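So the structure is just underneath, and the comments pick up after that.
Derivation of every value follows stated rules applied to the coordinates shown; laboratory data play no part. If you're wondering where the values come from, they're calculated on a predicted model, not measured in any experiment.
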Amino acid sequence: MVTLWFRSWTQTFPNLHHPQSIEQWKLRFEQEYVGQAAIWVAADGDRILGFIVVGAGAIEQLFVAGDAQRNGIGAALLSQAKQMNPDGLRLTTLQQNQQARRFYEKHGFVSGETGVNPINGQPNIAYYWNQ
């Protein structure tokens, strides 16, 4: 999962400075999410096609492999998160990530406040979903 997460970031934002190595991403994933959040994975055999990490009412991570996008995987993962959190969900994404923003808006999320990503210093935007 972490390899997919890291590759997605570096492919989506090739000009964005990534201050952490993949080893640091692995450590962060283990410390912040494993055992503390719900993690759902979409796979085809041994290949991970996508995953979602959901904490207390928040989508922490949602990534789908580039060649698996637009096949309903992200929508299915998001649907699972909504079913498990009927009172609502929140998330943040980079303001420049127009593809993610369109995806969330298509699935009923509404944009909210802006801020700064604490790891890479880029502008974030919050999104909210309520049934």
What are the ³J(HN,Hα) couplings of segment 71-76, residue after residue, when phi is run through the Karplus curve with 6.51, -1.76, 1.60 and θ = phi - 60°? Round to Hz, x for glycine and proline. 10, x, 5, x, 4, 5
If you work out Cα Rg over 2.2 N^0.38 Å from the coordinates, which of (i) 1.00; (ii) 1.57; (iii) 1.10 do you get? (i)
For segment 34-49, in order, what is each residue's ³J(HN,Hα) by Karplus, 6.51 cos²θ - 1.76 cosθ + 1.60 with θ = phi - 60°, in whole Hz (x at glycine and Pro)? 4, x, 10, 8, 7, 10, 10, 10, 9, 9, 10, x, 8, 8, 7, 8
Quick one: 3J(HN,Hα) in Hz for segment 78-85, Karplus 6.51/-1.76/1.60 with θ = phi - 60°, rounded, Gly and Pro as x. 5, 4, 4, 4, 5, 4, 7, 9
Cut-off under 5 Å, modelled amide H: who pairs with residue 50 long-range: 42, 65
